[in-house]
1. Would you please list the contacts, defined by Cβ atoms under 7 Å and residues six or more apart or on different chains, that run from a residue in segment 11-40 that is farther than 17 Å from Glu104 by Cβ to a residue that is of a type in the set (D, E, K, R) and not in a strand (DSSP E or B)?
2. Can we say Thr125 is under 17 Å from Ser149 (Cβ atoms), surrounded by fewer than 16 Cβ atoms within 10 Å (Cβ to Cβ), under 16 Å from the mean Cα position of the chain (by Cα) and of a type in the set (S, T, N, Q)?
3. Of everything in segment 63-79, what is in contact (Cβ under 8 Å) with a residue 40 or more places away in the chain, surrounded by 11 or more Cβ atoms within 10 Å (Cβ to Cβ) and not β-branched (Val, Ile, Thr)? Give them in sequence order.
4. Within segment 92-112, is even one residue acidic (Asp, Glu) and farther than 17 Å from Ala23 by Cβ?
5. For Val105, are the conditions met, namely being hydrophobic (A, V, I, L, M, F, W, C), within 23 Å of Ala154 (Cα to Cα) and in contact with a Leu (Cβ under 6 Å, 6 or more places away or on another chain)?
6. Got at least one residue in segment 53-62 being under 22 Å from Ile140 (Cβ atoms) and either surrounded by fewer than 14 Cβ atoms within 10 Å (Cβ to Cβ) or within 12 Å of the chain's Cα centre (by Cα) (or both)?
7. Mind telling me which of the residues Arg146, Arg43 ends up being touching a residue at least 60 places away in the same chain (Cβ under 8 Å) and basic (Lys, Arg)?
8. Looking at (1) surrounded by 14 or more Cβ atoms within 10 Å (Cβ to Cβ); (2) under 14 Å from Thr37 (Cα atoms); (3) aliphatic (A, V, I, L, M), which is the one condition that is false for Val94?
Amino acid sequence: MAEAAIMETMQYLTFSLGDEMFALDIAKVREVLDFSTVTRVPRMPDFMRGVINLRGSVVPVVDLRRKFNMAPSENTVNTCIIISEVTVDGDTTVLGALADSVQEVIDLGPENIEPAPRIGTKLRTEFITGMGKQNDRFVIMLDIDRVFSADDLALVNDPQAAAAFAAT
């Protein structure tokens, strides 16, 4: 979703990672689960936490804190897994994303959304669709389809690719 595409009020699921508040388009969110045991998969990248069994399907779980180079946190009673659909290069993957806590579903109109910040050329911010303003606080609006690259999803979906990655 490009900045110019936000022309009407939309709903977003807000969640926290540390002291920062993030938001995902509610249309990309399938459900929110309480944190449960995540089975580690050997030789996966740091951001890949493991897999869970979701009604008979194996769903990879990623740690957004690690993906965003944030300090790791301990699992608490508020830790949850946001199940979403991620589409990269035409391939859709169901993915779980760890969050410190889920806050609420909010409505944001274009008048409450600022363009994504331009922070030079060295920092990647193309996965930020904008900065939502809610109650005197900024909410970082994520485009979940751009948070992960095609290579990231290949690692998540293909254990052989992950083993090759770990060997490098």
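1. Every condition considered, the pairs that remain are Gly18/Asp100.
2. Values: under 17 Å from Ser149 (Cβ atoms): yes; surrounded by fewer than 16 Cβ atoms within 10 Å (Cβ to Cβ): yes; under 16 Å from the mean Cα position of the chain (by Cα): yes; of a type in the set (S, T, N, Q): yes.
Answer is yes for this residue.
3. Let us first name the residues in segment 63-79 that are in contact (Cβ under 8 Å) with a residue 40 or more places away in the chain, namely 64-65, 67-68, 70-71, 73, 75, 79.
Now restrict to residues that are surrounded by 11 or more Cβ atoms within 10 Å (Cβ to Cβ): 64-65, 67-68, 70, 73, 75, 79.
Leu64, Arg65, Lys67, Phe68, Met70, Ser73, Asn75 - these are the residues of segment 63-79 that are in contact (Cβ under 8 Å) with a residue 40 or more places away in the chain, surrounded by 11 or more Cβ atoms within 10 Å (Cβ to Cβ) and not β-branched (Val, Ile, Thr).
4. We begin by selecting, within segment 92-112, every residue acidic (Asp, Glu); these are 100, 104, 107, 111.
Narrowing further to those that are farther than 17 Å from Ala23 by Cβ: none.
So far as segment 92-112 goes, no, none of its residues is acidic (Asp, Glu) and farther than 17 Å from Ala23 by Cβ.
5. Numbers: hydrophobic (A, V, I, L, M, F, W, C): yes; within 23 Å of Ala154 (Cα to Cα): no; in contact with a Leu (Cβ under 6 Å, 6 or more places away or on another chain): yes.
Answer is no for this residue.
6. Checking segment 53-62: at least one residue is under 22 Å from Ile140 (Cβ atoms) and either surrounded by fewer than 14 Cβ atoms within 10 Å (Cβ to Cβ) or within 12 Å of the chain's Cα centre (by Cα) (or both).
7. Values: Arg146 fails: touching a residue at least 60 places away in the same chain (Cβ under 8 Å).
Just a single option satisfies the conditions, and that option is Arg43.
8. Exception for Val94: condition (2).
None of the figures in this text is laboratory data; all of them are computed from the coordinates on show. The structure presented is a predicted model; accordingly, all values stated were derived computationally and were not measured. Glycine gets a Cβ as well: all are built from the backbone with ideal geometry, and neighbour counts include every protein chain shown.
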